[in-house]
Amino acid sequence: MMQLSFKNKIASLYIVTTALLIAFVFCVIYISVSYTMYSDINEDIESESQKHLTEIDVSNNSFRLIHLEEWMEREHNTEDVNPVYVQFIDNKKNVVEKSPNLKRNLQFNSEIPFNTLFDYQLDGKAVRQIQLPIYEGKLIIGYLLVAMSLENTYLVQNNLLEVLTIAYPTILGILFLIARLIAGRSIKPINAIINTANEITKDNLKSRIPLPRTKDELFILSQTINDLLDRLETAIEREKQFTSDASHELRTPLTVIKGTLEVLIRKPRATKEYEEKINFCVAEVDRLNHLVDQLLLLARYENEKQTFKNEKVYLNGIIQDILVRKASLLKLKDIKIHLKMEEDYYCESDQQFVTIIITNLISNAIKYSNQSDAIEIHLNQRKQEIICSIIDNGIGIPPADLEKVFQPFFRSKALNHPTIKGIGVGLSIVQRLCSLLSIGINLTSVENAGTKVELVFQESSN
């Protein structure tokens, strides 16, 4: 079976619909014209019948024409477009009088009720006739037959039918060409989509589909595909950047370890020096392990298909457990924690991942706080939401870097603070998990004054 192009399919569907509509309209026209013509003939016959009934004199069981001269002068003398035939017969069906234009007698049909119009052939010509009784009192003494030719009506019907029959395929053919032309222009954006798709490769994601001028469905389709291409380009660029940054971050500790070991084997050294270099390498290996764990964690959460539990999470307990684990680091920097939790707070989420989020944020607050600073952690309720605020008084973030801190491996002014160690993926993990868990996150910061992070949880319904 031959497959039609999309353009021809649109044109064909349009023509099928239009063909049905035109066929219906033509049928209505034909029926309306026929009905009007027959109605006019019926009115004329009935009018002529009533008029001729008033032109006879009935007496002594017989009747006669009152104005015979006028009868001879009327239109009944000639065959016009729609001639009227009039005939009077007595009760024995004998012709008493008939119009001069009637060459052959009209036929009386006793099976047809009076005042009923009927059609038949007279001398090979179609006529429509009515037959009315002529009364003298209650006695029928004769009949009036009035007929009109249907030849002109048939001629008009046949001509109209012929015109409609010729016009029907002609109109459909012209409409098909017009529809095909319009459909071809309408689907130009689809051709643009095809051409753009052929141009796009993994190394070329810059091409975009030209948007149509009219904001119709094709405009929305083109815009949606362009938005999809934007997202794909962003995702691939992010992947390239992630790969580049990850390889750089992995190479740095490996280079340090290699350099240390090469220096160590150049000549014999004291035991203490060996211990120092080995401990240094162990520390770098630990840093490398931590880096790999963070990179795997970040790559894992980049997958949107990651599944999560939906359980009742006790936020107070999570925060307190984290602070216990960070106690040695807090003591080392002499940082005081001010907790404000007036009651027990529960939310619906995944406990493991909520723990990762809060752990990373508290770790950052400790890492970027100055010696002997204080960190405030608040839990409070606002309508159906639970707000967890973590506030430090540390080095803060410049306004220009606030939009970048969630990017992987980005560290604001890292060279200005060489003693602060990190790889810059903590906040990326936090943002990704918050997005997947539908947890709101708001970060505000003032350079050299501190940072405030707010997490917005949905309250548990249990």
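For this structure, a couple of remarks:
- Which listed residue, of Ile358, Ile362, Ile366, Ile337, is assigned to a strand (DSSP E or B) and among the aliphatic types (A, V, I, L, M): Ile337
- Any hit, segment 23-33, residues being polar (S, T, N, Q), surrounded by 11 or more Cβ atoms within 10 Å (Cβ to Cβ) and at pLDDT 85 or above: no
- Residues that are loosely packed, with under 12 Cβ neighbours inside 10 Å and small (Gly, Ala, Ser), drawn from segment 44-59: Ser59
- Yes/no for Asn101 being closer than 30 Å to Phe26 by Cβ and modelled with pLDDT under 90: no
- Annotation: of all residues in segment 428-456 being among the aliphatic types (A, V, I, L, M) and part of a helix (DSSP H, G or I), the one that is surrounded by the fewest Cβ atoms within 10 Å (Cβ to Cβ) is Leu436.
- Looking only at segment 339-351, residues that are surrounded by fewer than 13 Cβ atoms within 10 Å (Cβ to Cβ) and either under 23 Å from Leu427 (Cβ atoms) or touching a helix residue (DSSP H, G or I) at 6+ places or on another chain (Cβ under 6 Å) (or both) come to 1 in all.
- Flag for His76 being at pLDDT below 80, part of a helix (DSSP H, G or I) and crowded, with 16+ Cβ neighbours inside 10 Å: yes
- Segment 110-147 - residue that is touching an Asp or Glu at 6+ places or on another chain (Cβ under 6 Å) and surrounded by 19 or more Cβ atoms within 10 Å (Cβ to Cβ) and, of those, nearest to Ile56 (Cα to Cα): Gly142
- Residue in segment 198-209 that is farther than 30 Å from Ser428 by Cβ and either among the aromatic types (Phe, Trp, Tyr) or touching a residue at least 12 places away in the same chain (Cβ under 8 Å) (or both) present: yes
- Among residues of segment 222-239 that are part of a helix (DSSP H, G or I), those with a Cβ under 6 angstrom from a residue that is not basic (Lys, Arg), sequence gap 6+ or separate chain, pair up as Ser222/Pro189; Ser222/Ile209; Ser222/Leu211; Ile225/Ile209; Asn226/Ile209; Glu233/Leu205.
- Single unsatisfied condition, Ala179 versus (1) surrounded by 11 or more Cβ atoms within 10 Å (Cβ to Cβ); (2) hydrophobic (A, V, I, L, M, F, W, C); (3) closer than 30 Å to Tyr30 by Cα; (4) free of Cβ contacts under 8 Å to residues at least 60 places away in the same chain: (4)
Residues checked against (1) over 36 Å from the mean Cα position of the chain (by Cα); (2) at pLDDT 75 or above:
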position	(1), (2)
Gln157	yes, yes
Tyr168	no, yes
Ile171	no, yes
Leu181	no, yes
Gly184	no, yes
Pro212	no, no
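- Within segment 160-193, the set of residues being of a type in the set (Val, Ile, Thr) and within 22 Å of Leu20 (Cβ to Cβ) comprises Val163, Thr165, Ile166, Thr170, Ile171, Ile174, Ile178, Ile182.
- Any chance Ala365 is of a type outside the set (D, E, K, R), out of contact with any helix residue (DSSP H, G or I) (no Cβ under 7 Å at 6 or more places or on another chain) and either surrounded by 18 or more Cβ atoms within 10 Å (Cβ to Cβ) or not assigned by TED's automatic domain parsing to the domain that holds Leu427 (or both): yes
- Which listed residue is basic (Lys, Arg) and either at pLDDT 90 or above or within 25 Å of Val86 (Cβ to Cβ) (or both), from Lys138, Lys202: Lys138
The values are calculated or read from the model by the stated rules, or taken from the named source; none is laboratory data. Note that this is a predicted model, so its numbers are computed, not measured. Using ideal geometry, Cβ is built from the backbone for each residue, glycine included, and neighbour counts are taken over all protein chains shown.
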